[in-house]
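Presented below is the structure to which this report refers.
The values are calculated or read from the model by the stated rules, or taken from the named source; none is laboratory data. As the structure is a computational prediction, the values presented were derived from the model and not from experiment. As a convention, Cβ positions derive from the backbone with ideal geometry for all residues, glycine included, and neighbour counts pool all protein chains shown. Only protein heavy atoms, including side chains, enter the accessible area calculation; ligands, DNA and RNA are left aside. Shrake-Rupley method; radii C 1.70, N 1.55, O 1.52, S 1.80 Å.
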Amino acid sequence: MDWLTAYKLPVGKTAKLVFDWLKSHAGGFFDMISDAMQALIDAILWLLQTPNPLFVVALFVALTWFLQRNWKTALMVLMGFLFILNQGYWKATTESLTLVLSACVVCMAVGVPIGIAAAHRPRLFAIMRPVLDLMQTLPTFVYLIPAIVFFGIGMVPGLIATVIFVLPAPIRLTHLGVSSTPMTLLEATRAFGATPRQVLWKVELPFALPQIMAGLNQTIMLSLSMVVIAALVGAAGLGVPVVRALNSVNTSLGFEAGFIIVVVAIILDRMLRMER
């Protein structure tokens, strides 16, 4: 098999050349992205950490009641946050929530418009599909390499790696929701003289809202799955004690932090669940 490996395709070398070229010629662009992401992170972190923790918990419970109108769900959210406070993980939880909420803001702001455009342009979606498949199947640790190269160490590279991994979910689900709008409904709307903008805002988006909310839910769950991985590039949060426990084989610490991540996932899932 030497004859086959003697002419190895330069995949790794090509990737390195591309990264080096981007770092040399697009440094200002990446600095601008880094500053914007850092500002978003600082704003959300300030909102979660500046007030009294019980006040923040009360706001989450009130938001849960507003969204779900179910006292059992609101009580479950309250008990979950009180458990987090009891275990002493409030600061780490707010840092992880900051990463998750920042990823949601970026992914939904980018993914929903792209999903709408893909639903209206099947040829565009056909081009995007292999790229989305690659983004979802590439090992998540691979995303950390360019994130470190372009953005250094800290919360920003963790957020960037999370966004790249999570972004296909809102794009695909938004595309699914918009493209599945019944043709009879669209034809009836256009027959009454609706403009394309009116069709989008008054028919397609309301019909696709359950799928878009499912995309938001998936964005949150996938972002939480990146919490531990993001800790490897210096992102603060619940991933830090998990990594520390792994390095020191500390079963107690690892189980505590891992269980808190599960509690946060359940809280966010119940808050945003839409009943069909």
Could you check the range 206-215 and list, in sequence order, the residues that are in contact (Cβ under 8 Å) with a residue 24 or more places away in the chain, surrounded by fewer than 22 Cβ atoms within 10 Å (Cβ to Cβ) and either over 17 Å from ALA118 (Cβ atoms) or within 10 Å of the chain's Cα centre (by Cα) (or both)? LEU209, PRO210, MET213
When the range 5-35 is examined, which residues are found to be among the aliphatic types (A, V, I, L, M), over 15 Å from GLY152 (Cβ atoms) and assigned to a helix (DSSP H, G or I)? VAL11, ALA15, LEU17, VAL18
LEU268 vs. criteria in contact with a Phe, Trp or Tyr (Cβ under 8 Å, 6 or more places away or on another chain) and modelled with pLDDT of 85 or more: no
Of LEU82, LEU67, LEU63, LEU75, which residue is open to solvent by 60 Å² or more (accessible area, probe 1.4 Å), in contact with a Leu (Cβ under 8 Å, 6 or more places away or on another chain) and either within 22 Å of ALA257 (Cβ to Cβ) or in a helix (DSSP H, G or I) (or both)? LEU67
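Here's the yes/no breakdown for (1) modelled with pLDDT under 85; (2) within 14 Å of the chain's Cα centre (by Cα); (3) of a type outside the set (Gly, Ala, Ser):
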{"site": "THR140", "(1), (2), (3)": "yes, yes, yes"}
{"site": "ILE160", "(1), (2), (3)": "no, yes, yes"}
{"site": "VAL166", "(1), (2), (3)": "no, yes, yes"}
{"site": "GLY177", "(1), (2), (3)": "no, no, no"}
{"site": "PRO182", "(1), (2), (3)": "no, no, yes"}
{"site": "GLY193", "(1), (2), (3)": "yes, no, no"}
{"site": "PRO196", "(1), (2), (3)": "yes, no, yes"}
{"site": "LEU200", "(1), (2), (3)": "no, no, yes"}
{"site": "GLU204", "(1), (2), (3)": "no, no, yes"}
Those residues of the range 34-60 that are farther than 30 Å from ALA74 by Cα, without any contact (Cβ under 8 Å) to a residue 60 or more places away in the chain and surrounded by 12 or more Cβ atoms within 10 Å (Cβ to Cβ) come to a total of 1
Within the range 144-154, is even one residue modelled with pLDDT under 90, out of contact with any Asp or Glu (no Cβ under 6 Å at 6 or more places or on another chain), more than 15 Å from MET37 (Cβ to Cβ) and β-branched (Val, Ile, Thr)? yes
Checklist (1) assigned to a helix (DSSP H, G or I); (2) out of contact with any Pro (no Cβ under 6 Å at 6 or more places or on another chain) applied to ALA235, failing item: (1)
Taking the range 246-266 and keeping residues of a type in the set (A, V, I, L, M), in a helix (DSSP H, G or I) and either surrounded by 15 or more Cβ atoms within 10 Å (Cβ to Cβ) or over 20 Å from the mean Cα position of the chain (by Cα) (or both) leaves LEU246, LEU253, ALA257, ILE260, ILE261, VAL263, VAL264, ALA265
Being surrounded by 10 or more Cβ atoms within 10 Å (Cβ to Cβ), under 26 Å from ALA235 (Cα atoms) and not aromatic (Phe, Trp, Tyr) is the filter here; which residues of the range 4-33 pass it? ALA15, LYS16, VAL18, ASP20, LEU22, LYS23, ALA26, GLY27, ASP31, MET32, ILE33
Counting just the residues of the range 191-205 that are in contact with a Ser or Thr (Cβ under 8 Å, 6 or more places away or on another chain) and charged (D, E, K, R), which one comes out surrounded by the most Cβ atoms within 10 Å (Cβ to Cβ)? GLU204
